[in-house]
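Notes follow the structure.
The values are calculated or read from the model by the stated rules, or taken from the named source; none is laboratory data. Because the structure is predicted, anything quoted here is derived from the model rather than measured. We place every Cβ from the backbone using ideal geometry, glycine too, and count neighbours over all the protein chains shown.
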Amino acid sequence: MSLEQIRAKYTELQGAGLKLDLTRGKPSSQQLDLSNGLLVLPGAGEFKAADGTDVRNYGGLQGLPEARALFTALVGVPVEQIVLGNNASLALMHDTIVFALLKGVCDSDKPWGKEDIAFLCPVPGYDRHFSICEEHGIKMIPVKLNDDGPDMDEVERLVAGDASIKGMWCVPKYSNPTGAVYSDAVVERLAGMKTAAKDFRIFWDNAYGVHHLTEEKVAIANLLALCEAKGNPNRAFVFASSSKITFAGAGISAVGASAENVKWLLKRMFPQTIGPDKVNQLRHVAFLKDAAGIDALMAKHRALLAPKFECVLRVFEEELTGIEGVSWTKPKGGYFISLEVPSGCAKRVVALAKEAGVVLTPAGSTHPYGKDPEDRTIRIAPSFPGLAEVEKAAKAVALCVQLVAAEG
Ligand code: PLP
């Protein structure tokens, strides 16, 4: 198409009165419906946990053992090393960092907040991880995220040479937003690398551990087991939640870590709460039952989600193939597709889409401080709208990319 033709199509699009939203990675209401069984659980008169605990009452800071058991595969440690939180793993991540800032972690000499500290941030990454750092004055150092995980030469160089680097964010499986999956070699290097800070921590956010989009159930190496094997047992906190398994607003969150880290965390949580929502834990156990129950439910999610991803990928393939500087990821799981446009063009594409009635996540939000130095990355979240809307939105986005590319 000539530039004139693309412009004409764009003018037509502007007049089409679209009102579409591809911003946040929320489950659709059809996905939420899959867990409506929870709304009537645990059921009248059902308030006893397996060990007889009355879940209506205070207590049980670590979470019901049978609810913790739902997370053993996701975090990779036995129930004794898992702590449950309420509905947001993000809150667990936030609080763990705030505890470290105020108190230091179990092997710190002083609170992290007593010095200027930094976190490594693989990019593109999850904006809310970056918001936690920004909120609490933690400097963010971007490192490139490849298809098999972060650039490990760079990570090893940085952590070995700078004791102010206390932490690192990782979304190891079906990452937000590229869908990258960390290879076993990368996980092994993360577990074993030399760090100048003896109290360095990896914040391993396994948010999409069971969120497959294809037949292939991609597996990743067990970070906590490798940390232990390499002599760094306290190196990692592993987070997960049922937000995108059951209800995004009413799930359970979990963190797994070494026995020493768990002891430290429970000590910090003790003054914070008398215990989490155990009624919700009990109904999740009744509803999900076990790993097989989770698997069966995730297959139903996949049946709803996969066609939306396939649709976006098909539209991009048809409309964007061969345009210089344009590429996109083809995730095998998770909630996002990452679209790369020619350098300096992401903001313009997002603005053009907005003018045509399609709201995209702001360009830059995939990078620390909201600044994508190359202005290239756009996060596409196809989960929430219906399939027909996803198709319209993908075509509109593709046209905006064509326009920007043709304008040069
Ligand atoms: N971590 C990642 C990587 C996410 O993409 C999201 C949601 O989009 C979350 C965490 C939020 O998890 P939760 O609902 O458990 O707070």
Of the residues in the range 72-95, those that are near the ligand (Cβ under 10 Å from one of its atoms) and of a type in the set (A, V, I, L, M) number 5
Could we say that Ala240 is assigned to a loop (DSSP other than H, G, I, E, B) and within 13 Å of the ligand (Cβ to nearest atom) here? no
Select from the range 1-60 the residues that are among the charged types (D, E, K, R) and within 30 Å of Tyr174 (Cα to Cα) and list them in ascending order. Lys19, Asp21, Arg24, Lys26, Asp33
How many of the residues making up the range 386-408 are modelled with pLDDT of 95 or more and either among the hydroxyl-bearing types (Ser, Thr, Tyr) or assigned to a loop (DSSP other than H, G, I, E, B) (or both)? 1
Would you be able to say whether some residue in the range 169-178 is surrounded by fewer than 16 Cβ atoms within 10 Å (Cβ to Cβ), without any contact (Cβ under 8 Å) to a residue 60 or more places away in the chain and either in contact with a His (Cβ under 9 Å, 6 or more places away or on another chain) or among the charged types (D, E, K, R) (or both)? no
Taking Val98 as meeting all but one of (1) away from the ligand (no atom under 14 Å from the Cβ); (2) under 25 Å from Ala229 (Cβ atoms); (3) aliphatic (A, V, I, L, M), write down the number of the exception. (2)
Inside the range 49-71, the number of residues satisfying the requirement of being within 16 Å of the ligand (Cβ to nearest atom) and of a type in the set (S, T, N, Q) is 0
Name the single residue that is nearest to the chain's Cα centre (by Cα) among those in the range 320-352 being away from the ligand (no atom under 16 Å from the Cβ) and among the hydroxyl-bearing types (Ser, Thr, Tyr). Ser327
Please go through the range 56-73 and give me each residue that is surrounded by fewer than 23 Cβ atoms within 10 Å (Cβ to Cβ), of a type in the set (A, V, I, L, M) and within 20 Å of the chain's Cα centre (by Cα), ordered by number. Ala73
How many of the residues making up the range 149-165 are farther than 13 Å from Ser183 by Cβ and in a loop (DSSP other than H, G, I, E, B)? 3
In a loop (DSSP other than H, G, I, E, B) and either away from the ligand (no atom under 16 Å from the Cβ) or touching a helix residue (DSSP H, G or I) at 6+ places or on another chain (Cβ under 6 Å) (or both) - does that describe any residue in the range 299-319? no
Tell me whether the range 270-280 contains one or more residues that are assigned to a loop (DSSP other than H, G, I, E, B), more than 16 Å from the ligand (Cβ to nearest atom) and of a type in the set (A, V, I, L, M, F, W, C). yes
Looking at Val159, Val155, Val210, Val181 in this structure, which one is assigned by TED's automatic domain parsing to the domain that holds Asn232 and without any contact (Cβ under 8 Å) to a residue 40 or more places away in the chain? Val155
Do we find a residue being assigned by TED's automatic domain parsing to the domain that holds Met193, within 18 Å of the chain's Cα centre (by Cα) and touching a residue at least 40 places away in the same chain (Cβ under 8 Å) anywhere in the range 135-146? yes
Selection status of Ala346, farther than 30 Å from Ile245 by Cα and surrounded by 23 or more Cβ atoms within 10 Å (Cβ to Cβ): yes
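Residue-wise test of (1) within 16 Å of Phe237 (Cβ to Cβ); (2) among the charged types (D, E, K, R).
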{"site": "Gln62", "(1), (2)": "yes, no"}
{"site": "Pro65", "(1), (2)": "no, no"}
{"site": "Leu70", "(1), (2)": "no, no"}
{"site": "Glu80", "(1), (2)": "yes, yes"}
{"site": "Ala91", "(1), (2)": "yes, no"}
{"site": "Lys114", "(1), (2)": "no, yes"}
{"site": "Ala118", "(1), (2)": "no, no"}
{"site": "Val143", "(1), (2)": "no, no"}
{"site": "Trp169", "(1), (2)": "yes, no"}
Among the candidates Arg235, Arg268, Arg283, residue that is farther than 25 Å from Glu389 by Cα, touching a Cys at 6+ places or on another chain (Cβ under 9 Å) and outside the structural domain of Gly386 (by TED's automatic domain parsing): Arg235
